[in-house]
Amino acid sequence: MADEMTHLKFEDQDLPKLDDRNDYEAIVEQYIPGRRAIFPIIEASFHELLAGRPAKILVLGAGGGEEILRLGMENPSWSFVGVDTYEPMLDLARRRLAGTPVENRSEVHTMQIDELDEREFDAATCILTAHFVPDDGSKLAFFKAIHARLKPRAPLAIVDGVGLVGEPGTELLRRIWKRHAMRNGVSEQAAESNAQNFKKVAVVTVERQEELLTAAGFTDLVPIFRGLAIKGWLAFA
């Protein structure tokens, strides 16, 4: 386990500009296959697992605020603590949360998860975030830090890029990713540039991801989503 978690830079990826004139949510859904289904699946999972009781939810990669908004708007008994390492995305989250019914039930912090003192969360989300953490001991440390902040048997909903860069099947999925974006109105140049992001992030194989989650203390991994090179699980602390 690394003494300190290292992260790839979110801003090194080819992403839409983070300003109020852009509908960030709509833009990224042009690129990511099945993205619109991810949040309802996680919400339904938490409804099943949290049994309608009040819950404190940890959000990893809270920049943009989308998870908090989507999970919080219709669930007034849920509160949220979000962490992210990229301040511009957290600025976007604060703007989107301002004036909503979720604002007073949420807080977001610019920090790594191992810097968060708060514990005893009832659930956590980690959506398209862990693949920014290198598998040099840091990814395991990242998962262990999440596990340490959850109550026993609390669910983690994790959705992440998976694959082995350069492997034929993974490269085919990357090309299909590009075609998917182009069919959603993205220019070929922009779609190719975005597809190249997959080579920049620290994706690991499905087997390696499950191995790391298990080594961090999570059990009973249940697959809940798959969209090309994106896979989602429920894992229990």
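Quick notes on this structure:
- Residue, nearest to Ala124 (Cα to Cα), within region 155-176, restricted to residues that are in a loop (DSSP other than H, G, I, E, B) and of a type in the set (A, V, I, L, M, F, W, C): Leu164
- Only a single item in (1) charged (D, E, K, R); (2) in a helix (DSSP H, G or I); (3) at pLDDT 95 or above is not met by Arg179, and it is number (3).
- Whichever residue in region 191-227 is in a helix (DSSP H, G or I) and either without any contact (Cβ under 8 Å) to a residue 24 or more places away in the chain or hydroxyl-bearing (Ser, Thr, Tyr) (or both) and, among such residues, is surrounded by the most Cβ atoms within 10 Å (Cβ to Cβ): Ala195
- Test result for Thr100, among the hydroxyl-bearing types (Ser, Thr, Tyr), free of Cβ contacts under 8 Å to residues at least 40 places away in the same chain, over 21 Å from Trp233 (Cα atoms) and in contact with an Asp or Glu (Cβ under 7 Å, 6 or more places away or on another chain): no
- Here Pro168 fulfils each of the conditions (1) under 20 Å from Gly63 (Cα atoms); (2) at pLDDT below 95; (3) surrounded by fewer than 21 Cβ atoms within 10 Å (Cβ to Cβ) apart from (1).
- Ser187 being surrounded by fewer than 17 Cβ atoms within 10 Å (Cβ to Cβ), polar (S, T, N, Q) and in contact (Cβ under 8 Å) with a residue 40 or more places away in the chain: no
- Members of region 63-84 that are at pLDDT 95 or above, small (Gly, Ala, Ser) and either touching a helix residue (DSSP H, G or I) at 6+ places or on another chain (Cβ under 8 Å) or closer than 20 Å to Phe132 by Cα (or both): Gly72, Ser79, Gly82
The values are calculated or read from the model by the stated rules, or taken from the named source; none is laboratory data. Everything quoted here is computed from the prediction, not taken from an experiment. With ideal geometry, Cβ positions are generated from the backbone for all residues, glycine too; neighbour counts draw on all protein chains shown.
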